[in-house]
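See structure below.
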Amino acid sequence: MSDAATFRPTPSNQFSFSRLKSFHQCPFRYRLRYLKGLKEAFRSIESYLGNTVHDVLEWMYGERNEGRSPALEEVLERFDGAWTQDWPEDVAIIRDGDGPDTYFRRGREMLERFHGEAWAKDRSETLALEQRFTKSLSERISFTGFADRVGRTTQGTLFVIDYKTSKKIGDPSDFSEGLQAPLYAACALEIHGDEVALAGYHYLRHGKSNWTEVKREQGRNILERFKNMAEAALDATEFPARPGILCAWCGFNHICTFAEVPEAFSGGRRLTEERMGAFSTGG
């Protein structure tokens, strides 16, 4: 795309969870995005939905910190305004047969359920929203990341929670579920000086939360594990593509000769081709 040449690579020693996950899923995508600094040609509507819902949740808890409690109508109005304002031209609907209204309704349903269930029952204290963690793990590796919410339960237990808009409930044995929230909890333990913290995910489509206890020593082990995996990525010299269903959601699938994009999941590739065609003709 036109701004790809000005998109700078991530510093080689700075690793976020997303960067490590990218290397784990597809080293070729990792190389293009993080080493060469190329910008993906599109982002999925699932990602756009997740970001929009997260922004509303952050606003809700920010309002609560100020002593206000938004009614459901205010929450939905907030979401509606964010969703309809300047629809980004790079957002792609991957699956044939889906439309923006499908995801719009899904977002409203998730927020309505959250407001009526988890939010209504939640009496915990919020310590930080979108808290940034930065930590030097070695001379070669620095960790950076953002936690959706850090707080304390009514019993005083420190917790970190990540809100998920995904279709499936995660499994703690998965790469993402087993590492992301525990990693943030490990950082929160060091900042707040606690001996134990809860690392959790709340699955908004299901109204369910999963929690894992992370003790101080476990936290140190988690950070060490992350450092070792990041060093392996840093030292990699080969970056093979790992084609599969996720190719359909990859913003580089138009330039990857190994990409496997079924016709029914080709919305991202089609959008890229349309935008590149418009750019080449000066549209």
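Computed from the coordinates by the stated procedures, all read-outs in this text should not be read as laboratory data. Note that the structure is a prediction, hence the values are computed from the model and not measured. Ideal geometry is used to build each Cβ from the backbone, glycine not excepted, and the neighbour counts take in all protein chains shown.
For this structure, a couple of remarks:
- Förster-model FRET efficiency, 22 Å R0, Met276 and Thr84, C-beta, rounded to 0.05: 0.25
- Within the chain, percent of DSSP bridges classed antiparallel, to nearest 5: 65 percent
- For the pair Glu63 and Ala118 in one chain, pulling the backbone fully straight at 0.36 nm per residue adds 18.2 nm over the alpha carbon distance.
- Point-to-point label distance, Thr157-Asn13, nm (Cα→Cβ direction, 7 Å offset): 3.7 nm
- Given R0 = 22 Å, the distance between the Cβ atoms of Asn228 and Leu35 translates into a calculated FRET efficiency of 0.70.
- Zone of Ser173's modelled label, taken as backbone nitrogen in region 199-238 under 19 Å from a point 7 Å along Cα→Cβ: 210-213
- Estimated vicinal HN-Hα couplings, Hz - region 100-107 in sequence order (Karplus 6.51, -1.76, 1.60; Gly, Pro = x): x, 5, 4, 6, 4, 5, 4, x
- Dipole-positive endmost among Gly81, His115, Gly62 within region 45-130 (Cβ charges, Cα centre): His115
- Descending semi-axes in Å of region 21-121, equivalent ellipsoid built from Cα gyration tensor: 31, 17, 13
- Contact order normalised by residue count of the chain, Cα under 8 Å, 6+ apart, percent: 22 percent
- The helix-based estimate of mean residue ellipticity at 222 nm for the chain, built from -39,500 (n - 2.57) per DSSP H run of four or more residues and divided by its residue count, is -13500 deg cm²/dmol to the nearest 500.
- Taking 18 Å as the limit for the C-alpha separation, the pairs Lys121/Lys208; Lys21/Lys215; Lys168/Lys215; Lys21/Lys227 exceed it in the case of Lys21/Lys215; Lys168/Lys215.
- Counted residue by residue at 0.36 nm each, then reduced by the alpha carbon distance between them, the extension gain from Glu213 to Val196 reaches 5.4 nm.
- Using θ = phi - 60° in the Karplus curve 6.51 cos²θ - 1.76 cosθ + 1.60, the 3J(HN,Hα) couplings for region 109-123 round to 5, 5, 5, 4, 5, 4, 5, x, 10, 4, 5, 5, 8, 6, 10 Hz; x is entered for Gly and Pro.
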